[in-house]
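Shown next, in structure tokens, is the structure this report addresses.
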Amino acid sequence: MIELQVSGMSCSHCVNAVTKSVQEVDHDATVDVDLSQQKVTVQTSAPVERIASAVEEAGYPVRSSHVM
């Protein structure tokens with residue numbers, strides 16, 4: 001499981017964009033976005049670097065990331 005602290009998320013569009021970007025890397029990934037905490041939790045086997053990069057390419061800066 002990967003946890004990312006992500007800036008700039010504020011609405012359902014953001015949730016959809018982040019979820020889609022992660023699932024383009026791993027279509028089986030489970031994505032949970034917490035807007036109030038600016039946190040994205042991803043259940044995936046993909047490397048954290050690829051997930052973080054996909055979120056950033058969608059336009060949402062990743063402030064920190066770690067594998068849980």
Shape box of segment 2-67 [Cα atoms, principal axes, largest first, Å]: 27, 20, 18
Residue-averaged [θ]222 nm for the chain, counting only DSSP H segments that reach four residues, each worth -39500 (n - 2.57): -11000 deg cm²/dmol
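Here, each number is a calculation from the coordinates, and none is a lab measurement. The structure presented is a predicted model; accordingly, all values stated were derived computationally and were not measured.
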